[in-house]
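Below: the structure, in structure tokens.
The values are calculated or read from the model by the stated rules, or taken from the named source; none is laboratory data. The model shown is predicted, which means the values in this text are computed figures rather than measured ones. Cβ placement follows ideal geometry from the backbone for every residue including glycine, while neighbour counts extend to all protein chains displayed. Each accessible area value is taken on the protein alone, full model and side chains, heavy atoms only, with ligands, DNA and RNA left out. Shrake-Rupley method; radii C 1.70, N 1.55, O 1.52, S 1.80 Å.
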Amino acid sequence: MNHITFLFAMLLGLCGCTAPQEEGEGGMRLELPAIRAGEKIIEYSGYSDVAYSGNSNIQPDPEKVAFTVSYDETHKQPRWVAYSLSKQELGGYAKRGEKQFHRDPHAQVRQADRSDYRRSGWTNGHMAPAGDFTWSDRAMNDTFNYTNICPQNEYNNGKSWNSLEQRVRDWARRFGEIYIVSGPIIGDAVNGTIGDNRVTVPDAFFKAVLARDGGSYQAVAFIMENSSVPQSYPDCCVTINELEDIVGIDFFCSLDDGIEEIVEGSFDKSFWGMQK
């Protein structure tokens, strides 16, 4: 049965990553940013219906973490959502179908609901996209929890941001496994809030991606405005360091410090296949 674990950082200045669930540097989960004091962390795991497509040698792990959320009760949306995505996890059996957006009944936090979004002019924007979780119908359903949703411009959601999400899947196929962190940039909240729960409309969204490059790593980040202006993801690239300065999140903190400094200070468009 799916279970949700709340992890509260108890020490000021805590910068280590939690829950060593998947392989990575020192046994840590590479996708997790540093956890700050008082952060409300929701971990979605424990699926009994895991099924990978096209590889019978993969042994599904029912304790696998689908995705981890740092939840922001003030703005009624995630601060960030982190997960790994492997080639084997793509092309599974789960379908979006008639799944509905819903409050997470197990999360003891103040959440948005469908009435907030109804006739608001903003769509329900997944931070962990449903299409990355075809390996489990239950995991995909969990992406429809409002703990994973932000108010998103319809064009951005269906076009610009969707193009980036599809490219991320291409990278998972190419590199075998990648590590992803996505979230809103509240900024000045120029579009205010929606609904009775006063859900803040973000000014922009970010996505940070890490991949192995032989014995080392490569990383790149993206910032897209939350608007109907067409945006090409190769034109939205920034370094991880630049993104960290904007959002105040320490990404990929479980990498060795020396590696992290190099990886987060630049990006190589040719490595990611984004050269002009």
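Remarks
Rundown of residues vs (1) open to solvent by 60 Å² or more (accessible area, probe 1.4 Å); (2) touching a residue at least 60 places away in the same chain (Cβ under 8 Å), yes/no style:
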residue	(1), (2)
GLY92	no, no
ARG96	yes, no
ALA130	no, no
ASN156	no, yes
TRP171	no, yes
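- For segment 193-208, a residue qualifies if it is in contact with a Pro (Cβ under 7 Å, 6 or more places away or on another chain) and either farther than 17 Å from ILE249 by Cα or free of Cβ contacts under 8 Å to residues at least 40 places away in the same chain (or both), and the qualifying residues are ILE194, VAL199, VAL201.
- So TYR83, is it surrounded by 15 or more Cβ atoms within 10 Å (Cβ to Cβ), at pLDDT 95 or above and of a type outside the set (A, V, I, L, M): yes
- Of all residues in segment 66-80 being crowded, with 24+ Cβ neighbours inside 10 Å and not hydrophobic (A, V, I, L, M, F, W, C), the one that is nearest to ASP132 (Cα to Cα): THR68
- Among the criteria (1) part of a strand (DSSP E or B); (2) touching a residue at least 40 places away in the same chain (Cβ under 8 Å); (3) farther than 24 Å from PRO234 by Cβ, the one ASN124 does not fulfil is (2).
- Where GLU165 falls short, out of the listed (1) assigned to a helix (DSSP H, G or I); (2) in contact with a strand residue (DSSP E or B) (Cβ under 9 Å, 6 or more places away or on another chain); (3) under 24 Å from GLU73 (Cα atoms): (3)
- If you go through segment 255-276 and keep only what is surrounded by 12 or more Cβ atoms within 10 Å (Cβ to Cβ) and small (Gly, Ala, Ser), you end up with GLY265, SER266.
- Subset of segment 173-204 [open to solvent by 30 Å² or more (accessible area, probe 1.4 Å), over 26 Å from PHE133 (Cα atoms) and outside any loop (DSSP other than H, G, I, E, B)]: THR193
- Residue match in segment 218-241 (condition: modelled with pLDDT under 95, more than 19 Å from PRO33 (Cα to Cα) and either open to solvent by less than 10 Å² (accessible area, probe 1.4 Å) or in a strand (DSSP E or B) (or both)): no
- Residue in segment 50-73 that is more than 16 Å from the chain's Cα centre (by Cα), farther than 26 Å from GLY215 by Cα and modelled with pLDDT of 95 or more present: yes
- The number of residues in segment 73-100 being assigned to a loop (DSSP other than H, G, I, E, B) and polar (S, T, N, Q) comes to 2.
- Complete set of residues in segment 139-154 that are open to solvent by 40 Å² or more (accessible area, probe 1.4 Å) and over 19 Å from VAL199 (Cα atoms): ASN141
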